[in-house]
1. Calculated from DSSP H runs of 4 or more alone, at -39500 (n - 2.57) each and per residue, what is the 222 nm mean residue ellipticity of the chain, nearest 500?
2. Can you pull the percent of segment 267-397's accessible area that's carbon plus sulfur, 1.4 Å probe, other chains left in place?
3. Please list, by residue number, every one of the GluC sites (Glu not before Pro) in segment 333-397 that is coil in DSSP and has at most 15 other beta-carbon atoms within 10 Å.
4. Given H placed on each backbone N at 1.01 Å, which residues far from residue 21 in sequence or on other chains put an amide H within less than 5 Å of it?
5. Suppose the chain between residue 276 and residue 255 were pulled fully straight at 0.36 nm per residue; how much longer would it get relative to their current alpha carbon spacing?
6. In whole angstrom, note down how far apart the Cα centers of segment 210-268 and segment 1-75 are.
7. Rounded if a/c is under 1.5, else prolate if a/b beats b/c, else oblate: with a ≥ b ≥ c from the C-alpha gyration tensor eigenvalues square-rooted, which is segment 1-119?
8. Using a cut-off of 12 Å between alpha-carbon atoms, which aspartates and glutamates can reach residue 163, once sequence neighbours fewer than 8 places away in the same chain are excluded?
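The values are calculated or read from the model by the stated rules, or taken from the named source; none is laboratory data. Just so you know, these numbers come straight off a predicted model, no measurement behind them. Neighbour counts run over all protein chains shown; Cβ positions are idealised from the backbone, glycine included. We work out accessible area using only protein heavy atoms, side chains counted, and drop any ligands, DNA or RNA first. Shrake-Rupley method; radii C 1.70, N 1.55, O 1.52, S 1.80 Å.
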Amino acid sequence: MPHFLKNRDARRLFLDRHLLLRPGSGAGRGADLEAVLNGLGFAQVDSVNTLARAHDLILWSRRGRYRPPALEGLIARHRAAFEHWTHDAAVIPMRFYPMWRLKFARDEAHMQRRWPKWRREGWDAEFDSVLRHIADHGPASSSDLGGEEPRGSGGWWDWHPSKTALEYLWRSGRLAIRHRSGFRKVYDLAKRVIPAEHLARRLDDAEIVDWALAAALERLGFATSGELAAFFAIATPDEAKRWCAEALAAGRIVEIDVEMADGAIRRSYSSPALLDLVPALPEPSSRIRLLSPFDPALRDRARAERLFGFRYRIEIFVPAGRRQYGYYVFPVLQGDRLIGRLDARREEGALAVRAFWPEPGLRMGQGRIAGLAAELRRIAPLAGVQDIRHAPDWLRG
């Protein structure tokens, strides 16, 4: 008979694994920041900066004292983190680098399979040319090589050959991001960026797959095999199914029925150690938290909707007249509930609050309004503003 996890307990275990259940009181830099990144597994990188970039907001949501230079130092000076891909571009703990070798190989094979669809004349030779240039002349960005992508680029097929070469060589592990200048990636040879102990470590594919799926479960609390495979996007769905069957037979994991927000039951996997945490989970912090649209807790939109009853879709690519909420609205968490979404951005040196939409049936009493105001005051220094201005009709019903 599978274990049963009530929705309330499932939400709390999930949020605790994502470092959102308890107050975050650490320094938000150095070893503390490295521990946060390790606990999350990664922080997605995104260029949109209406209020704060995604990776900065993800880390700030866990550590209110965090500021962007701390992450820059972790990557560029201390080499305690590197940039690569999970499901998308992300900052990843450096200790995970040896496990990314399998992803380098699989990403390269995938790019090779797609090659006929986007190759252009001269691109083959460009790869060796770009590698030689960086080896001889040092770190380079796309602009250094004449490879700026055009505005409104539709993808690799629109890029300059050297820009494509840089991306290909980075995704396949030959290059690494040394640092960013503004938001532009500056690449160097991997051997000049990655610390020797991580660069030299080798694991076989089976070890990497085992690590990727076990580490994903540790960070999710419970998951299906498909959710485990998607977390780091290293193991394939078939590998995840086999791993779950073998881990279940060995007693490493257990089957569990998880109650969703609508009362439906979803069969998942967890571990005895994770389930032992549930009775001791604290009551959630009452703080209202502004989350990034790319927060790890919300990255899987379908899972968030099932677990919290919160349907979220980013509307950046939706024509303005067809948007339900706005260009880039922020999910808002209170306790173990997602209570609404906020449209706020920097405008003329102030934080402009355009609208807050509470979830249906949620009462926005004075306590919640005060809690939201307190969160806006907390985020103002991260956004680089002092004033907070509300539109007359900002609180929607």
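1. Dividing the helical sum by the residues of the chain leaves -12000 deg cm²/dmol.
2. 49 percent
3. In loop regions of segment 333-397 (DSSP not H, G, I, E or B), the sparsely surrounded GluC sites (Glu not before Pro) are 348.
4. Here the answer is 16, since their amide H atoms fall under 5 Å of that of residue 21.
5. 6.1 nm
6. The two parts, judged by their Cα centres, are 21 Å apart.
7. Numbers: a/c = 1.93, a/b = 1.25, b/c = 1.55.
The shape class here is oblate.
8. Here the aspartates and glutamates satisfying the reach criterion relative to residue 163 are 126, 144, 148, 149.
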